[in-house]
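Peer 1: Sharing a structure below in structure tokens format, with a few things to ask.
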């Protein structure tokens with residue numbers, strides 16, 4: 001998907017005093033739509049989920065996750081109903097057909113109680129929390145006639161940081177906050193992509209003077225208390241009195257006046273240094289709304305205090321994504337996912353975004369190239385050190401230059417491979433990760449057809465093959481081009497990855513700059529196979545008959561169990577079926593040409609050998625029952641002996657409602673599930689419909 005490009009799905013939510021709620025789609029690829037609903041939440045419901053988010057609730061981690069999921073699904077099912085739901089799914093189809101994303105823009109000015117809802121938890125029951133996906137983005141929209149024009153900039157992106165810690169407000173360690181930002185952006189500063197400057201004190205006058213400097217600032221990052229004015233009950237920022245260090249209240253209008261259009265600030269980040277006040281719902285919100293009204297293109301507000309680790313992780317991924325040219329809502333999603341994968345709690349839902357710019361690429365500065373999803377499948381754990389890998393590549397490149405130097409038909413160029421980066425750097429097995437490299441033309445002539453490769457094995461090994469190969473059409477002199485491709489790590493372990501400029505049709509004189517390395521470690525978390533993307537990198541957009549080896553890179557074979565005495569089903573296959581409207585992918589059985597025959601065949605999943613550093617210990621199959629009866633899952637060794645089994649007797653009500661069920665089998669052997677198979681079977685009058693298969697690793 002070209003992540004720079006989104007179709008707009010704009011919703012206005014209004015809640016009059018009567019208590020009913022008006023939901024209107026004012027702009028979408030499917031046209032306009034509206035419904036009237038009853039308010040889905042009481043103030044107590046909202047207070048309860050907010051307490052989960054700010055950490056003040058006395059709840060376990062599991063309870064918090066369940067509450068967030070239930071709240072997000074209830075919010076979705078309440079708002080997306082009737083004509084609004086139809087417009088949403090039609091818009092998803094339009095976005096997919098045009099290879100674009102869908103942006104849900106919420107106008108909550110008249111939403112009353114629903115304006116206080118944490119919309120970041122919005123969750124489609126058929127998928128995930130929308131704020132954690134890249135196909136659909138959720139932003140708050142504030143109508144304004146002062147939208148600022150977004151112009152190209154010259155790197156670096158300049159960030160101005162103001163940290164306020166008045167002595168009469170809740171405790172805030174300004175040095176710790178600054179250290180977190182400083183450390184998180186160090187690599188970006190070293191690469192010349194970002195500058196970060198801290199104001200010498202937290203005064204409005206100091207901000208005024210700094211913004212008058214000749215250096216343009218693009219981002220204003222505020223860390224400090226948000227307060228509520230006792231008279232007007234509006235949100236304010238707490239700056240410091242220069243002598244007494246006590247609170248000086250600053251309104252959104254005063255701040256917006258300083259961040260006027262001539263200063264070039266395109267993004268304001270507001271991070272509070274404390275937890276939510278009793279009885280006050282996020283005083284930053286009116287500040288963010290007012291800044292948006294005054295024409296600031298984007299505002300990100302932290303509704304609650306982030307932990308130090310989450311703050312550092314967020315800043316690093318967010319600013320990295322912005323500097324590498326991502327749209328702001330995509331950068332925010334990537335940062336949320338980094339926090340979620342690192343912290344495994346609800347801190348990812350803390351930031352919210354207000355966006356009123358016509359484009360969400362706030363810092364356009366160079367051409368960006370995106371390739372298609374690609375993968376090399378499972379790789380063995382690589383013991384080589386990154387320095388050794390780099391030396392090996394340098395030696396190979398030097399040899400190529402030496403042997404080809406006399407070949408006048410091959411152009412001599414001066415290309416430099418920049419930083420190789422994988423996001424997220426600690427991916428979950430089976431999760432598509434973004435591989436980003438930058439290549440600079442240091443010569444005086446344009447260079448065409450630049451080939452580069454990405455390896456997860458030692459590229460000096462003759463047996464190794466690239467996981468990604470790509471060609472860049474053209475890089476002009478002095479230009480740095482960022483190339484982005486996607487890859488899937490299908491196992492558990494540490495991978496020393498390498499990106500290299502291919503010298504097949506060029507001689508690159510920048511020998512020591514021909515390679516970049518990055519060490520990625522996958523998390524020891526379950527590998528979820530949801531049939532949306534195959535291990536060979538193919539995205540499944542339409543129904544697909546499996547031949548049995550599509551998942552071979554993950555050492556997994558999938559096939560129906562066919563009775564040799566059943567001539568009607570001898571040609572049956574396992575098939576992935578795609579429901580584009582509901583965005584669901586399911587594994588079924590049947591004839592190669594769709595028919596009603598052979599739909600109840602069992603499916604066998606075979607694991608040939610050890611797949612990575614950690615062996616899979618258990619497997620869970622999520623399935624959709626189509627009739628009442630007993631559904632079974634059996635684990636067998638190579639001799640056919642049943643090692644473990646699980647079954648569920650589905651009643652008619654659950655079958656009629658198509659409620660998702662699950663079965664789990666576990667191996668106690670040291671080898672785990674390696675060299676075993678597990679078989680899923682349904683009642684004779686049911687259809688085999690599998691939603692996902694999850695392999696859970698054993699921690700060494």
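Coordinate-derived values only; no laboratory data. A quick note: this is a predicted structure, and the numbers were derived from the prediction, not measured. Virtual Cβ from ideal backbone geometry, glycine too; neighbours counted across all protein chains shown.
Peer 1: Once you place label points 7 Å from the Cα toward the Cβ at residue 643 and residue 83, how far apart are they in nm?
Peer 2: Those two pseudo-labels are separated by 5.7 nm.
Peer 1: Right, another one. Apply the a/c threshold of 1.5 to the C-alpha gyration tensor of the range 157-355 and tell me whether it is rounded, prolate or oblate.
Peer 2: Values: a/c = 1.41, a/b = 1.17, b/c = 1.21.
Verdict is rounded for the range 157-355.
Peer 1: So what's the gap between the Cα centers of the range 161-193 and the range 539-586, to the nearest angstrom?
Peer 2: 52
Peer 1: Could the peptides 625-631, 480-486 be put in order, highest first, of the mean number of other beta-carbon atoms found within 10 Å of their residues?
Peer 2: Numbers: 625-631: 18.1, 480-486: 20.3.
By packing density, highest mean first, the sequence is 480-486, 625-631.
Peer 1: Which FRET efficiency value, to the nearest 0.05, do you get for residue 652 and residue 96 by plugging their Cβ-Cβ distance into 1/(1 + (r/R0)^6) with R0 = 35 Å? Walk me through the numbers before you get to the answer.
Peer 2: Working: r = 35 Å, r/R0 = 1.01.
Computed FRET efficiency for residue 652 and residue 96 comes out at 0.50.
Peer 1: Residue 412 to residue 190: FRET efficiency via 1/(1 + (r/R0)^6), r the Cβ-Cβ distance, R0 30 Å, to the nearest 0.05?
Peer 2: On the way: r = 29 Å, r/R0 = 0.97.
Efficiency, rounded to the nearest 0.05: 0.55.
Peer 1: Taking every DSSP beta bridge that has both residues in the range 157-355, what percent is antiparallel when rounded to the nearest 5? Write out the running numbers ahead of the final one.
Peer 2: On the way: 12 of 31 bridges.
Approximately 40 percent, going by the DSSP bridge assignments.
Peer 1: Measure off 7 Å from each Cα along the Cα-to-Cβ vector at residue 444 and residue 113, then give the distance between these two points in nanometres to one decimal.
Peer 2: In this crude spin-label approximation the distance works out to 7.3 nm.
Peer 1: Let me know the Kirkwood hydrodynamic radius for the range 1-84, please, with Cα pairs as the basis and the value in Å to one decimal.
Peer 2: Details: mean 1/r = 0.0665 Å⁻¹.
Taking every pair of different Cα atoms in the range 1-84, averaging 1/r and inverting gives 15.0 Å.
Peer 1: What FRET efficiency comes out for residue 254 versus residue 308 if R0 is 41 angstrom and r is the Cβ-Cβ distance? Round to the nearest 0.05. Intermediate results must be reported in sequence, preceding the final value.
Peer 2: On the way: r = 30 Å, r/R0 = 0.73.
Between residue 254 and residue 308 the formula returns 0.85.
Peer 1: At a 10 angstrom cut-off on C-beta neighbours, averaged per residue, how do the peptides 79-89, 101-111 rank from highest to lowest? Don't jump to the answer; show the numbers that get you there.
Peer 2: On the way: 79-89: 18.1, 101-111: 20.6.
Per-residue Cβ counts within 10 Å, averaged per peptide and sorted highest first, yield 101-111, 79-89.
Peer 1: Expressed as a fraction of 2.2 N^0.38 Å, the rule-of-thumb size for a compact globular protein of N residues, what is the C-alpha radius of gyration of the range 528-697?
Peer 2: Values: Rg = 15.4 Å, N = 170, 2.2 N^0.38 = 15.5 Å.
Compactness ratio reported: 1.00.
Peer 1: Dimensions of the range 6-140 along principal axes (Cα, Å, largest first)?
Peer 2: Taking the Cα atoms of the range 6-140, the three principal extents are 46, 35, 21 Å.
Peer 1: Right, another one. At 0.36 nm per residue, minus the direct Cα-Cα distance, what do residue 57 and residue 69 gain on full extension? Give it in nm, one decimal, please. Mind dumping the intermediate values first?
Peer 2: Working: separation 12, 0.36 × 12 = 4.32 nm, distance 1.61 nm.
Once the chain is fully extended between residue 57 and residue 69, it gains 2.7 nm.
Peer 1: Is the shape of the range 414-505 best called rounded, prolate or oblate, per the rule: a/c under 1.5 gives rounded, else a/b larger than b/c gives prolate, else oblate, with a ≥ b ≥ c the square roots of the Cα gyration tensor eigenvalues?
Peer 2: Working: a/c = 2.63, a/b = 1.76, b/c = 1.49.
Prolate is the answer for the range 414-505, as a/c is 1.5 or above and a/b outweighs b/c.
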